[in-house]
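K.L.:
Attaching a single structure in structure tokens format; questions to follow.
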Amino acid sequence: MVSEPVARVSAAVQARNRSELLRKWAWGLLLWTLALLFLAPFAWMISSSLKPNIDLFGLPIRWIPETIQWSNYVDVWAGEKSIAPFFLNSTIVAVARVFGELFTASLAGYAFARLRFPGSGKVFTLYLATAIIPSQLLLVPRFMYFQQLSIYDTLLALILPGMFTVLGTFLMRQYFSNVPRELAEAARIDGASEWRIYWRIYLPLARPVLAALGILSFVWSWNDYEAPLVLLTSEENYTIPLGLTNFTDENGGLSAGLAMAASVSSVVPVILVFLLLQKRFIQALTHSGLK
């Protein structure tokens, strides 16, 4: 026969387990509700991309179209105003900016974290201080400067500024500062140069942070609308954000169905990049102190 104290303890444990289970279910329900709310606009965009314009803004919202109009996607990719050239331009700009930023940020981060030179702390502080300058304030100087360099209205005008970022340098510097110094000291004793230490020791260790920075850089570049709007004038150089404004109907108004189909297509590369690198992105958030 179970004694009374044991029965009390067992009842308390069961009550606590029920309380924890109820709390988990409550949090799970709340998170699922928020997830559905955040996904609702994306679901509406997908649904709208498969509808004719006349059915697009009908109320109540019909989430599943009565007639699925795949021709929206055909027109977007193979029609007169195909987004394929815009996709190519955005891909060139995004890939170039990502690799350029990863290289320059990792080099600068290694220098600030591991190389000692007079005024290194002050230089780093001044470099960080430039982050408070609004990006919009730099558009006009860049416009004038790039005109003098004859690279205005070219993809280089978008690539070069994106290869040097304060955030990338800061993240890499913080990560390299946490790497044990003994690794570099042992390599120096063996006669390794600073470049070899950076390239063969520190850079491979920074793969999670590089992946996280690469995702952020790709998304910012892919979604950038402001800089292309100011620095590009030729339609053949347009990137995706500018190209999405080209879909008009016979009356000159926005063809919403085609615009939605193009928008859905433009989101796919961002999702694929995140899915491919999400494991290292999570590692960077959990192990490198990025919060």
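K.L.:
Any chance the range 54-77 includes a residue that's of a type outside the set (Ser, Thr, Tyr), under 23 Å from Ala157 (Cβ atoms), modelled with pLDDT under 95 and in contact with a helix residue (DSSP H, G or I) (Cβ under 7 Å, 6 or more places away or on another chain)?
P.N.:
No, the range 54-77 contains no residue that is of a type outside the set (Ser, Thr, Tyr), under 23 Å from Ala157 (Cβ atoms), modelled with pLDDT under 95 and in contact with a helix residue (DSSP H, G or I) (Cβ under 7 Å, 6 or more places away or on another chain).
K.L.:
Give all pairs with beta carbons closer than 6 Å in which a residue from the range 31-51 that is in contact (Cβ under 8 Å) with a residue 12 or more places away in the chain meets a residue that is of a type in the set (D, E, K, R); count only pairs at least 6 apart in sequence or on separate chains.
P.N.:
none
K.L.:
Additional query: Please specify each residue of the range 181-192 satisfying the condition of being surrounded by fewer than 10 Cβ atoms within 10 Å (Cβ to Cβ) and either small (Gly, Ala, Ser) or under 21 Å from Ala212 (Cβ atoms) (or both).
P.N.:
Gly191
K.L.:
I'm told Gly243 meets every condition in (1) modelled with pLDDT of 85 or more; (2) more than 26 Å from Ala43 (Cα to Cα) except one. Can you identify the failing condition by its number?
P.N.:
Failing condition for Gly243: (2).
K.L.:
Looking only at the range 52-94, which residues are assigned to a helix (DSSP H, G or I), without any contact (Cβ under 8 Å) to a residue 60 or more places away in the chain and touching a Phe, Trp or Tyr at 6+ places or on another chain (Cβ under 8 Å)?
P.N.:
Ala84
K.L.:
Shifting gears a bit: Can you give me the ranges of the helices (runs of 4 or more DSSP H) entirely in the range 190-271 with at least 3 residues that are out of contact with any strand residue (DSSP E or B) (no Cβ under 8 Å at 6 or more places or on another chain), under 15 Å from Phe103 (Cα atoms) and in contact (Cβ under 8 Å) with a residue 40 or more places away in the chain?
P.N.:
207-223
K.L.:
Taking the condition of being farther than 25 Å from Leu216 by Cβ and touching a Phe, Trp or Tyr at 6+ places or on another chain (Cβ under 9 Å), how many residues in the range 164-206 meet it?
P.N.:
Going through the range 164-206 one residue at a time, the tally reaches 4.
K.L.:
Another question, if that's okay. Please state which of the following conditions Ala108 fails to meet, knowing it meets all the rest: (1) surrounded by fewer than 16 Cβ atoms within 10 Å (Cβ to Cβ); (2) more than 28 Å from Ile271 (Cα to Cα); (3) touching a Ser or Thr at 6+ places or on another chain (Cβ under 6 Å).
P.N.:
All conditions pass for Ala108, except number (1).
K.L.:
A further question on this structure: May I ask you to verify whether Gly121 is more than 30 Å from Leu242 (Cβ to Cβ), outside any helix (DSSP H, G or I), more than 21 Å from the chain's Cα centre (by Cα) and at pLDDT below 90?
P.N.:
So Gly121 does not fit the description; no.
K.L.:
Select from the range 128-142 the residues that are farther than 19 Å from Thr169 by Cα and surrounded by 10 or more Cβ atoms within 10 Å (Cβ to Cβ) and write down the one among them that is modelled with the lowest pLDDT.
P.N.:
The selected residue is Gln136.
K.L.:
Pull up the range 144-161, narrow it to residues that are in a helix (DSSP H, G or I) and farther than 22 Å from Trp222 by Cβ, then point me to the one that is farthest from the chain's Cα centre (by Cα).
P.N.:
Going through the qualifying residues, I end up with Gln148.
K.L.:
Here's a check for you: in the range 31-49, which residue that is assigned to a helix (DSSP H, G or I) and not aliphatic (A, V, I, L, M) is surrounded by the most Cβ atoms within 10 Å (Cβ to Cβ)?
P.N.:
Of everything passing the filter in the range 31-49, Ser48 is surrounded by the most Cβ atoms within 10 Å (Cβ to Cβ).
The values are calculated or read from the model by the stated rules, or taken from the named source; none is laboratory data. These numbers were taken from a predicted model, which means no experiment stands behind them. Here the Cβ is made from the backbone with ideal geometry for all residues, glycine too, and neighbour counts use every protein chain on show.
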